[in-house]
Structure formats: C-alpha cells, structure tokens
Amino acid sequence: MNRNRLPRAVWALGWVSFFADVASEMVFPILPSFIASTLGAGAAGLGIVEGIADSTASIFKLISGWISDRLPKRLPLVVGGYSLTAISRPLIGMATGWPMVAVFRFFDRMGKGLRTAPRDAVLSTSVDASMRGRAFGLHRSMDHAGAVVGPLICAALLWSAVSIRQFFYWALIPGLLAVACILLFVREDAPAPSNAREERSAEDGSKIPSAFRKYLVCVGLFSLGNSSDAFLLFRFQQHGVALAWIAVLWAAHHLVKSFSTYFGGTWADRFGRMPMIILGWAVFCIVYLCFGFAATTWLMAAVFMLYGVYFGLSEPAEKAVVADLVPAESRGSAFGLFHGTVGIMALPASVLFGLLWAKFGAGTAFGFGAALAIAASTLLVVFVRPELARHTGT
C-alpha cells in the first residue's frame, strides 16, 4: 500500500459531504432573502434564526461527540445526522412565518450536529499524524466543491423562474444522494497507529489536556466575532445585487474555498498548524473590515473571494490541532467540544451582529468581528502555541 495515499474513508466521506453541501448551498443564497424579506423578519430576525440554527448544530455536536466515544462504531451517528438533515430541509419551503423557519432550521442543524464530531473523529483516526492536515484539507475541499455546484443550481433555478419555495423541495434530491452514498460506500476503518509523541501524551492521564482547553478559549473568542455568512450575502443584497448573481458569487467563493482548503491542509502538515491558523484569522480580519466599509460592489466581490482563502488556511489546521492535542480514544468528545464551542458562540455572535448592524450600522458590526479576531489571535500565540509545540515536538 502506498503510505502517502489517503485511505478510503477519507475519500468516501468527502463524497458524502459533497452531495450534502450541494443540497445545503442550493438554498443558502436565497435563505437570507426568504427570511428577511419574503417572511418580513429583517436583519434582527435573520440573526435570531441563524444564531439558533448554528447553536443547535453545535450543542448536538457536543452530545454526539461524547456518545460516539462510548459506542462500538461512530458511523451510525453519521448516517442518522445526514438523514435528518435531508428530510428536514424541504420543510422550510412550507413555512408561513420566520418562527416556523427557525423550528425547521433547528431540526436541519440538529442533523448536522449529530454527524459532524463522529465523522471528524473517524477521519482523524484513519490517517497517520503526518497526513492529518491533508486528510482534513481534502475532505473540506470536496465539501466546498459541493458548495460550488449548489449555488450554480440555485442560479439556474432562479433564471428559470422557479418559485423561491420550490428550491427547498429540489434540495431533497442531493440530500438523499448523500445518505445513499454513505450507506453504500463508507466503512469505518480501524484507527491508524499512534506515533510515539501521541502515546506519551495519552499516558499523562489526561484525556482532555489543559492545552486543548486553552485552545477552545481562543476558538470561542474568535467565534464570537464570526457571525453567520448570511449577513455577507445580505450586504450584497443591500447594494442592489440580484439574487441570481448573489448565488453565482457564492459559488465562486466556494470554488476558492475548495482549492485553498486542499492546499491549506497540505501546508499545515508542512509548515505547521499555528502559522496557518494565524494567517487565516488575519485574512478574516481584513475581509470583515473591507465588508464593513467598502463603498463599491466590485470591491466587495473581490474581498468575498479572499474570504474563501481564510477558510482554506484555517479550517484544516484548526481540526488537525484538535487531533494533535487529544489522544485517539477521546477525539469524538474533543471534536464535539471544538464544534460545540464554535456553535454555541454562533447564537450570541449572530444576534449581537444583527443588533449592532440595526443600531449602529454595518461598519460597526463588521469592525467588532475584526477586533475579536485580533484578540483571539494574540491569545493563541501567547498561550496555545507553546503548548502545541510541547505536544507535537514542532
């Protein structure tokens, strides 16, 4: 066997995420308009709906991660999560008010929460530590590739004058394909052998090390300033960009994410996790400042593409750090805590962002997010980087 070849589990779960994201991103470009305009929720209502949705996903990531460490197999939770999401999303199109959308988004994101931590634990234990960045990079790349196809389908349906509610019904097809793919092709591989440094860290008697807790504090602070991407799309709508073109911009953004995430994962293995995270958060800061104060649509569109680079640099490295700091038998719980921290902060992040926007304007809201990114980066360098070096020897 080629030792540099990624195992079947990584590729198969990548295809599952591809189809799932096609379904999700078919509806996401029109979701802000559907909630804020069609159902009359406005920016504040949009923030509440998306904050509830993101926080729901993260709470269930905590639960499923803990449970998955205590089950013989983690894959049943993954199958159940994808199935619940596929069934729930079409119900959004039946909503007559934004509170109903909040309920259906709750079940949609519950499915996401059930599957994410066990899936990431399966990925992390399927490869050697030297390939983790690339494994997560490939998985996220295929996930984002689905997010390229989905908005293009959305744009085609918009130009075909399909009713905005019918988008949610069409999304059932790729959602079911994701479930079928995991049932037919995904098998849970045995964990890869731990390297010597991992074995030493596991022997210290701490399954969730203090270094990982410090890391969660930094991630949580950053997440408090990282509101829903729905606000970025709503910003385009404020500048008079048609929904069909917003869908095209969303697809192009995910194309950048797909390429940059794969290379970002490879670079995280080569140059280190921490430099990639810091660089990614710096790009996030620049993007938010530009979105808050940009006066022209073309500048916003260019910065929106740069926003995809932020994901590519940070996402694979952030997940690889979780696996680096926590022994294999506790990684379901660790990934649950990681995703849970991000998602629990999503509710106050989106609600606060929406209120700041409504009260003081977009510039203040985006500037607040940029300021928290700077603060989180500082804490990461001071408190977490030395700990990561001690755990990994790098």
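Scanning the range 58-76 for residues that are surrounded by 20 or more Cβ atoms within 10 Å (Cβ to Cβ), among the hydrophobic types (A, V, I, L, M, F, W, C) and more than 18 Å from the chain's Cα centre (by Cα) returns a single hit, Leu75. When the test is whether a residue is over 20 Å from the mean Cα position of the chain (by Cα) and either of a type outside the set (Asp, Glu) or not in a helix (DSSP H, G or I) (or both), Pro99 passes it. Scanning the range 1-57 for residues that are more than 21 Å from the chain's Cα centre (by Cα), at pLDDT 75 or above, within 19 Å of Arg165 (Cα to Cα) and not in a helix (DSSP H, G or I) turns up just one, Leu39. Which of the following residues is in contact (Cβ under 8 Å) with a residue 40 or more places away in the chain and under 30 Å from Gly264 (Cβ atoms): Arg165, Arg115? Within the list Arg165, Arg115, the selection yields Arg115. Answer with yes or no whether Thr341 is among the polar types (S, T, N, Q), in contact with a Gly (Cβ under 7 Å, 6 or more places away or on another chain), modelled with pLDDT under 90 and surrounded by fewer than 18 Cβ atoms within 10 Å (Cβ to Cβ). Considered against the rule, which asks whether it is among the polar types (S, T, N, Q), in contact with a Gly (Cβ under 7 Å, 6 or more places away or on another chain), modelled with pLDDT under 90 and surrounded by fewer than 18 Cβ atoms within 10 Å (Cβ to Cβ), Thr341 comes out as no. Residues that are of a type in the set (S, T, N, Q) and in contact (Cβ under 8 Å) with a residue 12 or more places away in the chain number at least 2 in the following helices (runs of 4 or more DSSP H) confined to the range 270-363: 297-325, 331-344.
So that you can scan it fast, the table gives a plain yes or no per residue for (1) in contact with a Phe, Trp or Tyr (Cβ under 9 Å, 6 or more places away or on another chain); (2) at pLDDT below 90; (3) within 16 Å of Phe234 (Cβ to Cβ); (4) among the small types (Gly, Ala, Ser):
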| site | (1), (2), (3), (4) |
| --- | --- |
| Tyr310 | yes, no, no, no |
| Gly354 | yes, yes, yes, yes |
| Ala358 | no, yes, yes, yes |
| Ala365 | yes, no, yes, yes |
| Ala373 | yes, no, no, yes |
| Arg390 | no, yes, no, no |
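Selection within the range 58-96: residues that are outside any helix (DSSP H, G or I) and in contact (Cβ under 8 Å) with a residue 60 or more places away in the chain. The member of this set that is farthest from Gly14 (Cα to Cα) is Asp69. If you check Met110, Met142, Met100 for being in contact with a Phe, Trp or Tyr (Cβ under 6 Å, 6 or more places away or on another chain) and farther than 15 Å from Lys319 by Cβ, only one passes: Met110.
Restricting the search to helices (runs of 4 or more DSSP H) fully inside the range 112-210 and requiring at least 2 residues that are modelled with pLDDT under 80 and surrounded by 15 or more Cβ atoms within 10 Å (Cβ to Cβ) gives 132-159, 196-202. When every residue of the range 312-334 is checked against the conditions, none turns out to be surrounded by fewer than 20 Cβ atoms within 10 Å (Cβ to Cβ), modelled with pLDDT of 85 or more and over 16 Å from the mean Cα position of the chain (by Cα).
The values are calculated or read from the model by the stated rules, or taken from the named source; none is laboratory data. If you're wondering where the values come from, they're calculated on a predicted model, not measured in any experiment. Every residue, glycine as well, gets a Cβ built from its backbone with ideal geometry; the counts of neighbours run over all protein chains shown.
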